[in-house]
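Shown next, in structure tokens, is the structure this report addresses.
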2 protein chains.
Amino acid sequence: MKTQKRDAEASKRAIITHAIALFSEKGYASASMDELAKRCGLNKAMVFYYFKNKKGLYEAVMQEVLDQIQEAVMEENKTHTRPKDELAGFIRTYAKFACEHPYLPALLLKELSDSGAVVPDMLFGSMRKLFALFSDILKRGEEQGCFEDAVPMILYFMVLGTLNLMVTTKPLRLKAAQLDDIALDTCAECDIDEIADYIVEKMMYMLKEKNR
Amino acid sequence: MKTQKRDAEASKRAIITHAIALFSEKGYASASMDELAKRCGLNKAMVFYYFKNKKGLYEAVMQEVLDQIQEAVMEENKTHTRPKDELAGFIRTYAKFACEHPYLPALLLKELSDSGAVVPDMLFGSMRKLFALFSDILKRGEEQGCFEDAVPMILYFMVLGTLNLMVTTKPLRLKAAQLDDIALDTCAECDIDEIADYIVEKMMYMLKEKNR
DNA sequence: TATAATTAACCAACCAGTTAATTGATTAGA
DNA sequence: TCTAATCAATTAACTGGTTGGTTAATTATA
């Protein structure tokens, strides 16, 4: 593998990689294509050469990110059989991924807070699969009698909402912990695994209220 | 009350009102001050006359919105004494307000997904009070033995995350319900009160796992 | 030589913010 | 009560900088 002066694949990948970081830092509107090109060390025209639009690039970014989290969760899911373990695995895997790739929560919250203003069509195309898995776990859990009264859509957003917010607000919570009186615990020290475990535990209580 | 050609208070109020709508629709960066002025039927310079900056206006907007939700929740809270009722009231009141004023979830999610990039200082100044109330309810609940093992920060984001996402994604979920196969229930028909009731119910199960 | 990758220079549209002049209401003085 | 002065509210026109996007020429590779 010799280092060429020209490598289309490498350029394209560099653009996507830096675009993920930039979009999640600044948001769609504030992300400048000039700055992106500068970060990549490429000419700005390259961005439009490989991706038609800013919007086209953003779609590619969202696709990439959603594919990544999807694959991580789906792959982990194979290692379980019982719905309870599947649910716990889903939550812990999402939490771990979100913590290691903090652009995911940032991008997702921004997109969802607009009801997918930028990429409405593809958003629930890609997100549907994750939700379908989550929904299926709960459904099978109910059939097998280990879950009760599950409303997948609400519970899905409960898991994603809590985890995404805990990840994105971490800097804010750290700052608050320093300034604030001691009375309020902002959970600044908690690491993501503890948080995930807590959510898993509480989720189990929620879903099997009677049969214990 | 005669209709004057000049009314400073009315102009200022018009700017804030339309700014709330505009910021929550477009986000901070994409909200144009030219368009804002056009929506208000005022000259653009008026915006900078009453509020120094775009940022200054945005801060005023966030202050207004956070004050509104705060007052609504605080006021309702006075009607209860038992922590369980207080918690239920908190959730239902926030849900109702968020549904009737959908700009709140949009603005809040956008701001939190940046860890308060635009107005970091004032954000947790204003949000702290709401969280302090929530935290206090749980604490008193634990002292009185009706709640167990509560981690206020996580539970707070669980409530806000779920409700805010359910409100902002409503159009998306409605659209998905039409296109999607029937297998996936996106909760498109649920109204906010049902959702709030569900969360309250599940929350209660979470918080009193042993003593029932 | 043909083609894919890369570049510099450019453009019109839009942006937040300014300025200096103008208009309307309020008030003080006669 | 009329008027002149004062001050707050409002405006049109402008600015310098940035934006997404284009184009035509140039380079490297096969």
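The values are calculated or read from the model by the stated rules, or taken from the named source; none is laboratory data. Values in this document were obtained by computation on a predicted structure and should not be read as measured data. Virtual Cβ from ideal backbone geometry, glycine too; neighbours counted across all protein chains shown. Protein only, heavy atoms only, side chains kept; ligands, DNA and RNA dropped before computing areas. Shrake-Rupley method; radii C 1.70, N 1.55, O 1.52, S 1.80 Å.
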How much of the accessible area of chain A, in percent, comes from carbon and sulfur atoms when a 1.4 Å probe is used?
-> 52 percent
Convex hull over the alpha-carbon atoms of chain A: what's its volume per residue in Å³?
-> 160 Å³
Size of charge dipole - chain B - debye, nearest 20, with Cβ of Lys, Arg +1 and Asp, Glu -1, no other charges = 980 debye
Proximal lysines to A:K96, defined as alpha-carbon separation beneath 22 angstrom and excluding residues fewer than eight positions away on the same chain = A:K78, A:K84, A:K110, A:K129, A:K170, A:K202
For A:S30, place a label point 7 Å out from Cα along the Cα→Cβ vector, do the same in each other copy, and report the separations in nm, one decimal, smallest first.
-> 1.5
At 7 Å along the Cα-to-beta-carbon direction for both A:Q178 and A:K139, put a label point, then send me their distance in nm to one decimal.
-> 4.9 nm
Pop a pseudo-label 7 angstrom from the Cα along the beta-carbon direction at both B:S30 and A:T81 and give the gap in nm to one decimal.
-> 4.8 nm
With a probe of 1.4 Å, find how much accessible area the protein assembly as shown has per residue, and write the answer as a whole number in Å².
-> 48 Å²
Could you pull the copy-to-copy label distances for A:E9, with points set 7 Å along Cα to Cβ, in nm to one decimal and sorted shortest first?
-> 6.9
Which aspartates and glutamates, on any chain, are close to B:K54 with Cα under 13 Å apart, when same-chain ones fewer than 8 places away are left out?
-> B:D34, B:E35
What accessible area, summed over both chains, is buried at the B-A interface (1.4 Å probe, Å², nearest 100)?
-> 4900 Å²
Divide by every residue of chain A the summed helix terms, -39500 (n - 2.57) for each DSSP H run of at least 4, and state the resulting mean residue ellipticity at 222 nm, rounded to the nearest 500 deg cm²/dmol.
-> -24000 deg cm²/dmol
